[in-house]
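Taking it in order: structure first as structure tokens, then the write-up.
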Amino acid sequence: MHKEYETAMELIVCITMPNEGDHIIKLANEEGVQGGTIFYGEGTSGKGILKTLGLNSIKREIVLMVTSETKASRALKHIAKAKVMKKKSNGIGFRVSLSDVLGIHENIEEKLNDFDEETKKMHQAIYVIVNKGEAEDVMEYAQDAGAQGGTIIQARGAGNAESRTVFHMDIVPEKEIILIIAEKEHSQTIIDTISEKLHIEEPNKGILFVTDLNETIGLN
């Protein structure tokens with residue numbers, strides 16, 4: 001039987017530097033969030049001299065935590081303050097609403113009503129799933145359309161039985177996921193550019209989907 005929650009549930013996503021994931025989870029725990037999952041990806045530092053020197057690929061840790069809306073808001077602000085995430089290159093954190101959650105066992109309090117209106121739902125997360133080796137091209141298309149950067153997540157396996165699950169989707173072997181955070185006013189241009197350049201409407205060219213973010217901290 002599904003557990004009925006009295007308030008909305010959210011996914012906290014923090015993208016941070018290597019070896020910081022455990023600390024992120026510890027900080028969230030201080031605000032009542034129970035546990036989390038860490039996986040690995042690569043960030044992009046944009047164009048210019050770093051790209052020319054081949055140094056534009058930055059290792060990242062991605063932390064996922066599920067909790068109530070109230071705890072998620074408090075935890076993200078606590079993490080941002082402790083990690084100074086509002087400074088450039090110190091990481092990105094955001095919250096996404098969830099429609100259904102199983103397996104979470106914690107006390108859920110009343111719904112939060114005091115969101116910071118300046119950060120509420122001003123950004124979107126763009127997810128693109130492509131064949132292995134195509135992620136860097138997708139990032140170039142996105143940056144040409146105004147994206148600040150993104151995170152590339154590798155998904156590997158040897159067969160269907162060993163496929164990995166990311167964001168509740170089964171990712172078959174030899175795929176890459178690109179996660180881009182963009183302001184709503186710019187996201188459609190980025191989406192259209194990726195779709196056109198990637199010919200995403202053709203079979204086996206990839207999948208693109210977008211989610212609204214409830215709060216975003218760390219973008220410059």
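Name every residue in segment 177-202 that is open to solvent by less than 10 Å² (accessible area, probe 1.4 Å) and not hydrophobic (A, V, I, L, M, F, W, C), in order of residue number.
187
Just give me the residues in segment 20-62 being open to solvent by 80 Å² or more (accessible area, probe 1.4 Å) and modelled with pLDDT under 90, in sequence order.
34, 40, 47, 49, 52, 53, 55, 59
Does residue 191 meet the test of being at pLDDT 85 or above and not in a strand (DSSP E or B)?
So residue 191 fits the description; yes.
So residue 167 ticks every box in (1) over 24 Å from residue 196 (Cα atoms); (2) crowded, with 17+ Cβ neighbours inside 10 Å; (3) at pLDDT below 60 but one. Which box is left unticked?
Status for residue 167: all satisfied but (3).
Quick check: anything in segment 109-131 closer than 24 Å to residue 18 by Cβ, open to solvent by 90 Å² or more (accessible area, probe 1.4 Å) and modelled with pLDDT of 60 or more?
No.
For segment 203-220, which positions are at pLDDT below 85 and loosely packed, with under 14 Cβ neighbours inside 10 Å?
Correct list: 203, 204, 220.
The values are calculated or read from the model by the stated rules, or taken from the named source; none is laboratory data. Source: prediction; values computed, not measured. Cβ sites come from the backbone with ideal geometry, for glycine too, and all protein chains shown count toward neighbours. SASA here: full protein model, heavy atoms, side chains in, ligands and nucleic acids out. Shrake-Rupley method; radii C 1.70, N 1.55, O 1.52, S 1.80 Å.
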